[in-house]
Amino acid sequence: MSEKDVRNVIVIGGGPAGYTAALYAARALLMPLVIEGVSWGGQLMITSEVENFPGYPEGVLGPQMMSDLRAQAERFGAEYVTDDVVSVDLSERPFRVSTGDTEFLTKTLVIATGARARQLGLASELALQGKGVSYCAVCDAAFFRGQDVVVVGGGDSAMEDALFLTRFASKVTLVHRRDEFRAEPIMVARAKANEKIELLTSVVAEEVLGAEEGRVTGVRLRNTKTGDISELAVTGFFVAIGHDPNTALFVDRLDHDEAGYLITRPHSTATNVPGVFAAGDVQDPVFRQAITAAGSGCIAALEAERMLAAEEHERAAVT
């Protein structure tokens, strides 16, 4: 391919990080290509309403917000390929990114593929996503003021979610399939000490109730030891069994932690491969918020732009 066939920036991923990176790269006249994925929009596409993203004083539906972010980047020249990346070659620049039918070359790459919340795999859970089923307590707790909710999980995240939910909910029932919790003892102690939290062990959620009503009305539970079935009336069903970063295509070349999250340099989105940047939930196992993802997408685009500008200056100096 000729030089004109090589992109300045390719962004992989169509979420808050990817679209923000595309916006900043487009405004820098880099003509970014966004390979946004078939299921573009990320986790916000299953979020009913977002109230904690700046600029939406009345809140906004998750899919609408993603459509807005996408359109804003497109306004300044971002191009989109609504397909999934199947392979990448980061062994040399320009990098090669393939969707199977088409291969693209790029001088810099922003990886914004996000992370996916682990799900229980219940059909009723899927049917009620965004209708009382949530995977982010920090995002959605405020919608459940004075209500009873359930948290499923047994690790630190589940305990943290349960404790956070007590600021809003009247009662939080935490259910865990095993006899003992995986969470740190201090987290379990805090949960036990909170009068709003009830801990149930050796219990699994078999069905989220309320599909006919179009909203969560309860949960059917099964005791794993006795087999006894019970129903609990709740309006919120929070799943807190972990997240998995979408990094399978990159872990053989990029530094990552034990969970697969990409590692970036301090105060930077730069990875261990020069010219490759990681933004959003793909490198953030802690906060996982739309606004933090957008912020890191901005940083990735600015770092890519500065790298390209520095290289252009060096070439000009040589000639």
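Taking the longest Cα principal axis of the chain as reference, the axis of helix 156-165 is set at about 70 degrees. The 3J(HN,Hα) values that the Karplus relation (6.51, -1.76, 1.60; θ = phi - 60°) gives for region 292-309 are, in residue order, 6, 5, 4, x, 6, x, 4, 4, 4, 5, 5, 5, 5, 4, 5, 5, 5, 5 Hz. Gly and Pro appear as x. When the inverse distances between all different Cα atoms of region 220-279 are averaged and flipped, the Kirkwood radius reads 15.2 angstrom. Taking 0.36 nm per residue of sequence separation and removing the Cα-Cα distance, the SER268/SER170 pair yields an extension gain of 31.2 nm. With respect to the chain, whose longest principal axis is taken over its alpha-carbon atoms, helix 16-27 is tilted by about 20°. Along region 65-79 the Karplus relation, 6.51 cos²θ - 1.76 cosθ + 1.60 evaluated at θ = phi - 60°, assigns HN-Hα couplings of 4, 5, 5, 5, 4, 4, 5, 5, 5, 5, 4, 9, x, 5, 10 Hz to successive residues, with x for each Gly and Pro. Around the amide H of ASN8, modelled in the peptide plane, lie the amide H atoms of LYS107, all under 5 Å away and 5 or more residues distant in sequence or on another chain. For LEU209, the amide hydrogen comes within under 5 Å of the amide hydrogens of THR217, GLY218, VAL219, ARG220, counting only partners 5 or more places away or on other chains and with H modelled in the peptide plane. Highest mean packing first, where packing is the average number of other Cβ atoms within 10 Å per residue, the peptides 64-74, 269-279 line up as 269-279, 64-74. If one computes the Cα centroid of region 1-73 and of region 288-315, what distance in Å separates the two points? Taking the Cα centre of region 288-315 as reference, the centre of region 1-73 is 14 Å away. Between ARG116 and ASP244, ASN246, the built amide H atoms are under 5 Å apart, and every one of these is 5 or more places off in sequence or on another chain. Ordering 220-229, 101-110, 131-140 by mean Cβ neighbour count within 10 Å, with the highest value first, yields 131-140, 101-110, 220-229. Computed from backbone phi, the HN-Hα couplings of region 134-141 come to 9, 10, 8, 5, 4, 6, 10, 4 Hz, rounded to whole numbers (Karplus: 6.51 cos²θ - 1.76 cosθ + 1.60, θ = phi - 60°; Gly and Pro given as x). If a paramagnetic tag sat 7 Å from the Cα of ALA233 along the Cα-Cβ line, which residues of region 160-176 would have the backbone N under 14 Å from that point? Answer for this model: 171.
Sorting the segments 240-249, 294-303 by their residues' average number of neighbouring beta-carbon atoms within 10 angstrom, most packed first, yields 294-303, 240-249. Dividing the helix sum by the residues of the chain, where each DSSP H run of 4 or more adds -39500 (n - 2.57), gives a mean residue ellipticity at 222 nm of -8000 deg cm²/dmol.
Just so you know, all these numbers are worked out from the coordinates, no wet-lab data involved. Just so it is clear, the model here is predicted, and its values are computed rather than measured. Reconstructed Cβ throughout: ideal geometry from the backbone, glycine too, with neighbour counts over all protein chains shown.
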